[in-house]
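Encoded as structure tokens, the structure appears first; notes follow it.
Just so it is clear, none of the values below were taken in a lab; they were calculated from the coordinates. All values derive from a computational prediction rather than experimental measurement. Cβ sites come from the backbone with ideal geometry, for glycine too, and all protein chains shown count toward neighbours.
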């Protein structure tokens with residue numbers, strides 16, 4: 001693989017990522033996330049019939065599109081004799097009556113014996129299956145374990161670089177979701193957590209490559225911190241891209257085969273792949289080089305074990 005000097009482009013990518021963070025944080029401060037009706041308190045509109053209506057499912061969706069507006073609801077349940085739609089805002093009594101009337105007209109148009117249809121509305125609580133507190137606690141524990149492992153196994157510079165990169169990935173991904181206004185589902189915080197864990201895996205793999213390079217170069221020649229970092233670029237890019245592509249495939253499968261909530265979650269998964277790739281290719285090497293050059297300026301030898309660690 002041809003050697004590419006990604007480190008020389010890091011500052012431009014870091015500036016672009018910072019712009020995304022600022023834009024995303026600003027939009028988040030003003031509007032919050034672009035939450036789906038499934039996030040937070042909302043309302044549930046239930047449509048029931050006295051018999052199963054698998055053949056009329058599409059008709060009900062068409063009427064709901066017309067009366068409720070697709071932007072304001074999502075289908076929570078689609079099962080034979082019952083369909084449930086969840087909305088962010090309360091549906092007026094007039095709208096419920098209109099929905100019932102149009103459903104009766106659409107479904108009973110060709111029926112000799114009219115099917116009785118019941119339309120009811122009820123308030124529902126938050127559907128956030130994996131929230132901020134659970135995600136934060138999980139990430140703190142995982143980051144602490146990884147940091148402790150790297151401090152014992154390698155040098156403090158590797159631990160600092162990996163943990164700070166993981167935090168940067170978390171911040172960038174979170175505000176990237178806000179900046180592009182992707183619809184946020186109850187699974188967002190689970191995706192954030194898994195994204196950071198996946199990035200940590202890639203980053204630790206990178207530091208393992210650094211140890212291999214150290215042993216290979218031990219006693220052969222003295223190299224600067226920048227030269228050692230540059231030699232690690234290709235291995236880092238390849239492993240990070242492989243992981244990012246695998247995550248994109250998972251997100252694409254969710255987009256193709258998932259329900260409405262899963263499809264939007266799939267978009268978030270694809271964005272996480274972009275976040276992991278940018279952080280792994282540009283942020284991690286830049287941070288690691290920064291800490292290594294601090295040691296170099298303090299007259300730390302980059303011979304033997306000190307070359308790439």
In nm, spacing of pseudo-spin labels at residue 113 and residue 238 (7 Å Cα→C-beta vector) | 7.0
In what order do 188, 143 fall by count of nearby beta-carbon atoms within 10 Å, going from fewest to most?
-> 143, 188
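By per-residue mean of other Cβ atoms within 10 Å, what is the highest-first order of 251-262, 148-159, 11-22?
Details: 251-262: 15.3, 148-159: 16.9, 11-22: 13.7.
Output ranking for 251-262, 148-159, 11-22: 148-159, 251-262, 11-22.
Determine, for each peptide in 284-290, 27-33, 133-139, 97-103, the mean count of other beta carbons within 10 angstrom over its residues, then list the peptides with the highest first. The partial results should precede the final answer.
Details: 284-290: 21.9, 27-33: 13.0, 133-139: 14.9, 97-103: 17.6.
Highest to lowest by the protection proxy: 284-290, 97-103, 133-139, 27-33.
Could you line up 104, 66 from fewest to most neighbouring Cβ atoms inside 10 Å? Each step should come with its number before you reach the end.
Details: 104 17, 66 13.
By the 10 Å Cβ count, ascending, the order reads 66, 104.
Rounded if a/c is under 1.5, else prolate if a/b is larger than b/c, else oblate: which is segment 80-197, with a ≥ b ≥ c the root eigenvalues of its Cα gyration tensor?
Numbers: a/c = 4.34, a/b = 3.87, b/c = 1.12.
Here segment 80-197 falls in the prolate category.
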